[in-house]
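Comments concern the structure below.
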Amino acid sequence: MIRVALIGLGKMGLSHQAIINSHPDVKLVAVCDTSSYVLDILNKYVGIKCYTDYKKMLHEEKPDAVFIATPSRYHAEMVKAALDMAIHVFCEKPFCLDLAEGLRLVELAESKNLVNQVGYHYRFVEAFQEMKRLVDAKAIGQIHHVRAEAYGPVVLKPKGSTWRTSKNEGGGCLYDYACHGIDLVNYIMGRPDAVGGSVLNKIFSRDVEDEVYATFFYADGKTGQIAANWSDESLRKMSTHMTLWGTHGKISADRQELRIFLRDEPNVALNLNKGWNTRYTTELTQSVEYYLRGEEYSEQIDHFIQRIKGGRTDTRSTFRSAWDTDLVAAMIIKDSDSSHINADCLINQKTPSTEKNGLLASIKSLLT
């Protein structure tokens, strides 16, 4: 039986607590949070041992593994405390808001040969798993473009800040929504080599962006795009979609289904017809021990536990892969901070005065 502790009892922490409790190979030995109300309820009705100091909990309980589901700014110190005690770590996403800190933790976990995983749960959605299998099998030939999108209703009007809308605590739409899309791109296509045209735009929030747009560039000529907006009330909850274009067709997937279009001929080996093929999540997904919010949440926890049981550190979403996602996010931030170039200003700098009027007229005619 693997002894587990949990830090953080917000939305994700309580979800993890319910799934962990149902796992046949796990014993939840203690939880930690700053809310005395939540701890009192759990202690009274569940009987679990409760702490308000995570370091005290780790030292007294000495768990085999810990789940960290706190606001993002606390991840680094908590992950380090656990790794220093040779405890396997599952950390919620994003991994770390500071790149240097994140890389040190990646190297520490690897040097200690500890199982490490970050909660990028879309890697456990079977439609995206099927997309990766088809890409690896070259089902649509050479990929030349990818687009990842994430939309949902988080910030819909100006209001007081929460930790998610604080730049130093949650990181805004980039780290809350867009990172899911970035992580899927990294997982299926590999990390982009450069980014450009990045936009971090505030709609309602004061401290962070509410929408994110950027273009990805790869050394082999592939391109990609990320689009995310957490102020989209046309959706009831977060919706993530990914589309790939290749030389032989196209694949698109979300949590509900995967659709693949083959342009030239059927692929018998992959059981694909020419034209459109649809595979639904219901036919792709295996049953799970406990269903809460989606089978992918149970899948990722079971994956982490099975890796601990097997003594393997190659989780599907390692600290290193999550750091790659943080790196792309940092690239987007840096790119968005670069100066915008005004067309008139560029023409004034580069064009002799005798040519300006004619050139400006030509540009205007093309734009109208």
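When you scan segment 79-192 for helices (runs of 4 or more DSSP H) that lie fully inside it, which ones turn up with 2 or more residues that are assigned by TED's automatic domain parsing to the domain that holds SER15? Where helices (runs of 4 or more DSSP H) fall fully within segment 79-192 and carry at least 2 residues being assigned by TED's automatic domain parsing to the domain that holds SER15, they are 99-111. Going through segment 247-296 one residue at a time, which ones are surrounded by fewer than 17 Cβ atoms within 10 Å (Cβ to Cβ), under 19 Å from ILE140 (Cβ atoms), without any contact (Cβ under 8 Å) to a residue 24 or more places away in the chain and of a type in the set (Ser, Thr, Tyr)? Correct list: THR278 only.
The residue that is modelled with the lowest pLDDT, among those in segment 244-267 that are among the polar types (S, T, N, Q) and in a strand (DSSP E or B), is ASN267. Going residue by residue through segment 189-203, is there one that turns out to be crowded, with 22+ Cβ neighbours inside 10 Å, of a type in the set (Ser, Thr, Tyr) and in contact (Cβ under 8 Å) with a residue 24 or more places away in the chain? Within segment 189-203, none of the residues are crowded, with 22+ Cβ neighbours inside 10 Å, of a type in the set (Ser, Thr, Tyr) and in contact (Cβ under 8 Å) with a residue 24 or more places away in the chain. Is there a residue in segment 60-68 that is over 26 Å from HIS303 (Cα atoms) and assigned to a helix (DSSP H, G or I)? Yes; the residues of segment 60-68 include at least one that is over 26 Å from HIS303 (Cα atoms) and assigned to a helix (DSSP H, G or I). Of all residues in segment 205-238, those being in a strand (DSSP E or B) and either hydrophobic (A, V, I, L, M, F, W, C) or farther than 24 Å from HIS144 by Cα (or both) number 10.
Remark: pairs (first residue in segment 209-234, free of Cβ contacts under 8 Å to residues at least 40 places away in the same chain and among the β-branched types (Val, Ile, Thr); second residue outside any loop (DSSP other than H, G, I, E, B) and buried (at least 22 other Cβ atoms within 10 Å of the Cβ); Cβ separation under 8 Å; 6+ apart in sequence or on different chains) = THR215/VAL195; THR215/GLY224.
Applying the criterion of being hydrophobic (A, V, I, L, M, F, W, C) and over 26 Å from THR285 (Cβ atoms) to the residues of segment 227-244, the residue that is surrounded by the fewest Cβ atoms within 10 Å (Cβ to Cβ) is ALA227. The set of residues in segment 268-289 that are aliphatic (A, V, I, L, M), within 30 Å of ILE305 (Cα to Cα) and outside any loop (DSSP other than H, G, I, E, B) contains only LEU284. Annotation note: Cβ proximity below 7 Å between a residue of segment 40-52 that is closer than 16 Å to GLY8 by Cβ and a residue that is loosely packed, with under 13 Cβ neighbours inside 10 Å and not small (Gly, Ala, Ser) (sequence gap 6+ or interchain) occurs for THR52/THR34.
Here ALA253 does not qualify as more than 16 Å from GLN129 (Cβ to Cβ), assigned by TED's automatic domain parsing to the domain that holds ALA148 and of a type in the set (Gly, Ala, Ser). Among residues of segment 27-48 being outside any helix (DSSP H, G or I) and touching an Asp or Glu at 6+ places or on another chain (Cβ under 9 Å), the one that is surrounded by the most Cβ atoms within 10 Å (Cβ to Cβ) is CYS32. Of the numbered criteria (1) of a type outside the set (Phe, Trp, Tyr); (2) outside any helix (DSSP H, G or I); (3) in contact (Cβ under 8 Å) with a residue 60 or more places away in the chain, the one ILE19 fails is (2).
Residues of segment 98-108 include none that is surrounded by fewer than 23 Cβ atoms within 10 Å (Cβ to Cβ) and touching a strand residue (DSSP E or B) at 6+ places or on another chain (Cβ under 6 Å).
The values are calculated or read from the model by the stated rules, or taken from the named source; none is laboratory data. As the structure is a prediction and not an experimental result, all values here were calculated from the model. Virtual Cβ from ideal backbone geometry, glycine too; neighbours counted across all protein chains shown.
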